[in-house]
Amino acid sequence: MLKEQTKLISQMHKLWDILLTAAAFMAAYFIKKYLLPEQFRGLLTGPNYYLVLLLIIIIWYVSFSLFGLYSLYKKETYIKIFWNLIKSISIAFMLMILFMYLLKIKDVSRIMIGVFFFLDIVLLALSKLSIYHILNRYWRRGIYFRNILIIGSRDKAKDVITAIESHEEAGYRVIGCLELRQEDIGNYVYKDIKVIGTLNDLRKILLENAIDEIVFVMPLIKIENPQLCMSIAEEIGIQTRIIPDWQIYKLRYKPEIATIQFEDFLGIMTMTFYTTPARHIELLIKSLFDYAFSGIAVIILSPLFLAISIIITLSSKGPVFYKQKRSGVNGRIFIMYKFRTMTFDAEEKRQELDELNEADGPAFKIKQDPRIIPFVGTFLRNTGIDELPQLINVLKGEMSLVGPRPPIPEEVEKYETWQRRRLSMKPGMTCIWQISPDRNQIGFHDWMKMDLEYIDNWSLWLDFKILIKTHHAVFMGMGR
């Protein structure tokens with residue numbers, strides 16, 4: 001699946017470059033026709049500029065594919081990326097002139113073509129500089145890494161670790177290894193990776209750390225109860241891989257939730273137990289849509305953001321945005337943004353109101369919360385407008401548009417083990433619970449089951465329906 005995902009991302013990146021190139025051509029056409037000084041302004045009507053644009057799109061597409069513009073940015077310096085870009089555009093430019101000569105396309109403005117050449121380099125260079133810095137910042141923060149826990153620490157463990165190191169583009173990071181014996185804890189397996197516990201610590205380690213996958217490299221015959229290990233991972237919602245050997249018969253385990261697939265993992269064949277939807281390409285499309293939609297929405301809604309910021313500032317003392325730690329995918333901690341709808345000392349007053357809590361379970365909710373800013377806070381919460389700054393979290397890759405709502409870490413600590421599985425998918429701005437007519441009367445247990453139902457039945461179509469119904473919920477003022 002990694003190969004298909006990488007190919008799709010490269011194609012999307014290439015499509016973006018082609019769109020920027022077309023935009024540069026159209027901008028050059030507009031500049032030459034309307035914006036240059038009068039003695040240079042204007043274009044002849046004879047040349048077919050639509051044909052020229054089509055020619056550019058075809059030639060540029062081929063040229064972009066030949067110069068390594070879509071290799072892993074982490075392995076390249078920006079100077080090298082920029083140099084490859086210059087070479088690619090220059091070769092494409094010469095090929096364009098050659099084909100225009102062969103196709104007898106005459107009287108095309110040289111000034112316009114020169115402006116296009118300059119604009120194309122500027123737009124693509126700025127685009128790749130932005131992508132380069134954003135991706136490297138995310139890599140440094142570990143946002144795009146999938147954390148792996150390895151069961152075993154011998155030769156097979158070293159093979160998996162070296163395979164991960166040689167495939168940086170896969171975005172995997174080994175957290176540590178587990179062994180059978182207590183005395184092995186602390187032993188180094190490979191470079192700085194060491195044994196961090198025994199199999200008896202598996203549940204504790206999974207609950208206290210952001211683990212995305214478990215890889216069994218230890219022969220199953222050595223494990224006293226491999227079924228227990230598998231059931232713990234499945235209940236929490238952690239994806240599990242097994243490197244098969246002839247003792248696979250010892251694992252007489254039938255998953256209740258997970259689906260089983262045999263697949264290539266960085267050149268190693270594994271049996272994989274997926275506790276979340278295994279539709280990798282659809283999930284990638286979901287992520288791409290999240291970034292595109294949230295980016296456009298932030299730009300369009302910026303005047304609304306400014307107006308709300310002014311109103312909050314005039315209505316109550318304190319910051320415009322409310323920032324709170326939340327638990328993301330598999331327990332990753334991030335800062336979630338909202339428009340502040342409560343008084344600046346709301347957190348300090350929280351303990352005084354614990355006895356008025358109307359929600360069951362670890363959640364906290366009061367129907368008539370005295371901390372809410374009169375009128376302004378109520379309006380923002382009822383309409384859900386206070387949630388709009390979470391579009392920034394979506395842009396940062398911490399949230400999705402649709403998914404289980406992100407809980408605070410203190411709530412997660414009180415979860416039962418089966419409830420932890422709701423963290424196995426990226427949290428969202430809206431979910432099934434939020435579009436329910438009786439959302440404010442739903443108990444904590446039912447809320448958890450609804451989130452797990454969403455995970456088990458996820459599809460792009462389900463996300464689309466939830467987004468449409470969310471608009472209805474906003475207009476009806478169903479928030480609280």
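The values are calculated or read from the model by the stated rules, or taken from the named source; none is laboratory data. The structure displayed is predicted, hence computed values, not measured ones. FYI the Cβ positions are ideal-geometry reconstructions off the backbone, even for glycines, and counts take in every protein chain you see.
Some notes on this structure:
- Residue in region 209-221 that is in a helix (DSSP H, G or I) and either more than 26 Å from the chain's Cα centre (by Cα) or modelled with pLDDT of 95 or more (or both) present: yes
- Restricting region 139-152 to residues that are surrounded by 15 or more Cβ atoms within 10 Å (Cβ to Cβ) and modelled with pLDDT under 90, the residue that is farthest from residue 178 (Cα to Cα): 139
- Of all residues making up region 170-195, the number that are closer than 22 Å to residue 237 by Cβ, surrounded by 19 or more Cβ atoms within 10 Å (Cβ to Cβ) and touching a residue at least 40 places away in the same chain (Cβ under 8 Å): 1
- Some residue of region 376-385 being under 20 Å from residue 329 (Cα atoms) and either of a type in the set (Phe, Trp, Tyr) or at pLDDT 90 or above (or both): no
- Some residue of region 253-276 being among the small types (Gly, Ala, Ser), modelled with pLDDT under 85, surrounded by fewer than 15 Cβ atoms within 10 Å (Cβ to Cβ) and closer than 22 Å to residue 147 by Cα: yes
- Cβ pairs under 6 Å, 6+ apart, first in region 102-113 and of a type outside the set (A, V, I, L, M), second modelled with pLDDT under 85 and assigned to a loop (DSSP other than H, G, I, E, B): 107/44; 107/46; 107/47; 109/43
- Contact map, region 306-330: residues that are touching a residue at least 12 places away in the same chain (Cβ under 8 Å) and aromatic (Phe, Trp, Tyr) paired with residues that are part of a strand (DSSP E or B) and surrounded by 16 or more Cβ atoms within 10 Å (Cβ to Cβ), Cβ distance under 6 Å, separation 6+ or inter-chain. Pairs shown: 321/337; 322/338.
- The criterion of at least 1 residues that are over 22 Å from the mean Cα position of the chain (by Cα) and among the acidic types (Asp, Glu) is met, among strands (runs of 3 or more DSSP E) falling completely within region 108-199, by 172-179.
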